[in-house]
Amino acid sequence: MTQHTTDDTRLQMQERAKYSAHYGPWFVGLGAALWGTESAWRIPLNELFDAKVIVFWEHVLILIMFLPILIPRLREIPKVQPRTWGYLLLSGFAGSAVGTIFFTLALKYGNPTVVNVVLNIQPVISTVGAFLLFGDRLAHRFFVYAAIDIIAGVFVSVSHPTMIGASFERAGLNLGSAYALICALFWGLSTVAGRGVMIGMSLRLASSMRIVVGLTCMTLILLAYGKLHGAALWPAAAQAHAGKAIVLLLFLASVSGGIPLLIYFQGLHLTRASTAGYFEMMQTLAAVCITWGIFHATLHAHQVIAALILIAAVAMVHHVQHQIEPAGQQAARNY
């Protein structure tokens, strides 16, 4: 009877692990898609604040929202290993602080649709990092679907792809592309670092401490730039439109900040870093939809087709990666 009960329990755990492994990447995709909505708030905020100040207030509000999650978990901090702290510092600095600054600058100085083309190199960066740090295996067909994924992302983001050969500017690339490139580098590194954090830290503590690290970095950055004072933190433009500024900051911190952060980390906890990087491309698709629906940067026919191909390629990346390692084994290891 005891052996039968033990077998049933083990079977239930394996089935739960298999279920989690299947849905983990899609949680990453959902979190990334919600992050993609930030253009709706970040673009108008660029008219009221400096980019670094936007990111600072974003972290302040998210941390306030996360205090009920963080405080009960403080007792776990002494148990965290130095290696995990290293990953957390990299994740908070690269992804939460610096990467977000460069993304905000990219939206300010570039076309909000075209900017996303450069972000599609992020999966390549996270794949290399996951291979070097975690020894992730790559399926033979992985490179095929990854290439399709990136190419489709390019066509989704570029308004006039036939003009790339003549001029990057005429194709739709501009000054903001350089900032987006730097952003992709930092966000790709953050993806891998986030996976390392989840190995040695609970989901809720990791999500909260990432914001603490990000806010600490932003405070030091503002201090270094001489912007940690009232006139810079709440400039004349924000004072003239105080209600608008507050509402936009709240939406940025919640719908596009705290909520997707929790969903994303839950998915990353169940997903390989190499696979997660490609599911994060859902952010590109969501951002393009925002720029079309709100800022009237309409999609051409080739962009709609490319968007569908991108979604299919992301699904195939998950499929081929899932085949080379049993779902239950991966999920159990991730726990």
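Nothing in this text is a laboratory measurement; each read-out follows from the coordinates by a stated rule. As the structure is a computational prediction, the values presented were derived from the model and not from experiment. No Cβ is skipped: glycine too gets one built from the backbone with ideal geometry, and neighbour counts run over all protein chains shown.
Compute, for the chain, the length of the dipole vector about the Cα centre, with Cβ point charges of +1 (Lys, Arg) and -1 (Asp, Glu) only. Units Debye, rounded to 20. Intermediate values should be presented prior to the final figure.
Values: 20 positive and 13 negative charges, 106 e Å.
Using Cβ point charges on Lys, Arg, Asp and Glu, the chain gives about 520 debye.
With runs of 4+ DSSP H residues as the only contributors, calculate the mean residue ellipticity of the chain at 222 nm using -39,500 (n - 2.57) per run, divided by the residue total and rounded to the nearest 500.
Details: 19 runs with 247 residues, N = 335.
It comes out at -23500 deg cm²/dmol, rounded to the nearest 500.
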| message | So for each of 53-62, 140-149 I average, over its residues, the number of other beta carbons within 10 Å; can you give me the resulting order with the highest mean first? | response | 53-62, 140-149
| Dipole-positive endmost among Gly31, Leu48, Ala287 within segment 27-334 (Cβ charges, Cα centre) | Gly31
| task | Take the Cα coordinates of the chain, assign each an equal point scatterer, and use the Debye formula without solvent to give log10 I(q)/I(0) at q = 0.15 Å⁻¹. | result | -1.25
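Quick one: putting +1 on the C-beta of Lys and Arg, -1 on the C-beta of Asp and Glu, what dipole do you get for segment 79-209 around its Cα centre, in Debye to the nearest 20? Please report the intermediate quantities before stating the final value.
Working: 8 positive and 3 negative charges, 77 e Å.
Using Cβ point charges on Lys, Arg, Asp and Glu, segment 79-209 gives about 360 debye.
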| Hull shadow area, averaged, segment 185-290 [alpha-carbon convex hull, nm²] | 8.3
| task | Have a look at Leu119, Leu67, Leu175 and tell me which one the Gaussian network model of the chain (Cα, springs below 10 Å) gives the largest fluctuation. | result | Leu67
| query | Ranked from highest to lowest mean number of other Cβ atoms within 10 Å per residue, what is the order of the peptides 120-131, 299-310, 95-106? | reply | 95-106, 120-131, 299-310
| note | For segment 101-114, in residue order, the Karplus 3J(HN,Hα) values (coefficients 6.51, -1.76, 1.60; θ = phi - 60°; whole Hz; Gly and Pro = x) are 4, 5, 5, 4, 5, 4, 5, 6, 9, x, 5, x, 7, 5
